[in-house]
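A.B. asks: Take this structure first; my questions come after.
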């Protein structure tokens, strides 16, 4: 596993529609392992392959229980992810991004989403997510579609260092 450099908002790969994954092989496994290690080192709660310069529809997400930190985090690796349903109800929340370092923004996202994709072996999976987990999935799936959270934000700012603990 290798920690990869994270591409930032000025890199073209972040604005491109990522390619659908056709091959479920060792190369894909290595990509996912590298993404997990890079996400954890950053540290972040999600990462999309374009963020490390790979134009493939692959995301990783690692998030714990919102109300009980004693429950272990769950790791998701989703290939060819897409949101297949979302609640009409939206929630405004503050987001940051490893590819837009030092800034945050207020973004409205669906409160509940169902994500369809494939696991690293190519088996079809569906994930129903709500709250912050739903927000993370929407954010990462935006990345494989060439969209940054800044495109959806109502307000973007650079928080002071002491503010970052509250975000």
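The values are calculated or read from the model by the stated rules, or taken from the named source; none is laboratory data. Note that the structure is a prediction, hence the values are computed from the model and not measured. Backbone-built Cβ (ideal geometry, glycine too); neighbour counts: all protein chains shown.
A.B. asks: Considering segment 18-29 alone, what residues qualify as being within 19 Å of residue 117 (Cβ to Cβ) and assigned to a helix (DSSP H, G or I)?
C.D. replies: The answer is 27, 28, 29.
A.B. asks: Okay, moving on. Sort through 113, 107 and tell me the only one that's touching a strand residue (DSSP E or B) at 6+ places or on another chain (Cβ under 6 Å) and in contact (Cβ under 8 Å) with a residue 40 or more places away in the chain.
C.D. replies: Matching residue, one of 113, 107: 107.
A.B. asks: Considering each of 136, 141, 156 in turn, give the residue that is in a strand (DSSP E or B), touching a strand residue (DSSP E or B) at 6+ places or on another chain (Cβ under 8 Å) and at pLDDT 95 or above.
C.D. replies: After applying the criteria, what remains is 156.
A.B. asks: Anything in segment 13-29 that is over 13 Å from the mean Cα position of the chain (by Cα) and touching a residue at least 24 places away in the same chain (Cβ under 8 Å)? List them, or say none.
C.D. replies: If the condition is that a residue be over 13 Å from the mean Cα position of the chain (by Cα) and touching a residue at least 24 places away in the same chain (Cβ under 8 Å), then 13, 15, 16, 17, 18, 19, 20, 21, 24, 28, 29 are the ones that fit.
A.B. asks: While we're on this one: Six or more apart or on different chains, Cβ atoms under 9 Å: show the pairs whose first residue is in segment 80-94 and in contact (Cβ under 8 Å) with a residue 40 or more places away in the chain and on the phi > 0 side of the Ramachandran plot and whose second is assigned to a strand (DSSP E or B) and surrounded by fewer than 16 Cβ atoms within 10 Å (Cβ to Cβ).
C.D. replies: Correct list of pairs: 80/116.
A.B. asks: May I ask you to say which residue of 83, 60 is touching a helix residue (DSSP H, G or I) at 6+ places or on another chain (Cβ under 7 Å), crowded, with 19+ Cβ neighbours inside 10 Å, assigned to a strand (DSSP E or B) and at pLDDT 95 or above?
C.D. replies: Being touching a helix residue (DSSP H, G or I) at 6+ places or on another chain (Cβ under 7 Å), crowded, with 19+ Cβ neighbours inside 10 Å, assigned to a strand (DSSP E or B) and at pLDDT 95 or above holds for just one of 83, 60, which is 60.
A.B. asks: Follow-up question, since we're still on this one. Taking the condition at positive phi, at pLDDT 95 or above, surrounded by fewer than 18 Cβ atoms within 10 Å (Cβ to Cβ) and touching a strand residue (DSSP E or B) at 6+ places or on another chain (Cβ under 9 Å), does residue 122 pass?
C.D. replies: Yes.
A.B. asks: Just checking, which of 3, 71 is part of a loop (DSSP other than H, G, I, E, B), closer than 18 Å to residue 127 by Cβ and either more than 14 Å from the chain's Cα centre (by Cα) or at pLDDT below 95 (or both)?
C.D. replies: Result: 71 is the single residue among 3, 71 that is part of a loop (DSSP other than H, G, I, E, B), closer than 18 Å to residue 127 by Cβ and either more than 14 Å from the chain's Cα centre (by Cα) or at pLDDT below 95 (or both).
A.B. asks: Quickly run through segment 20-29 and pick out the residues that are surrounded by 14 or more Cβ atoms within 10 Å (Cβ to Cβ) and closer than 14 Å to residue 54 by Cα.
C.D. replies: Result: 21, 28.
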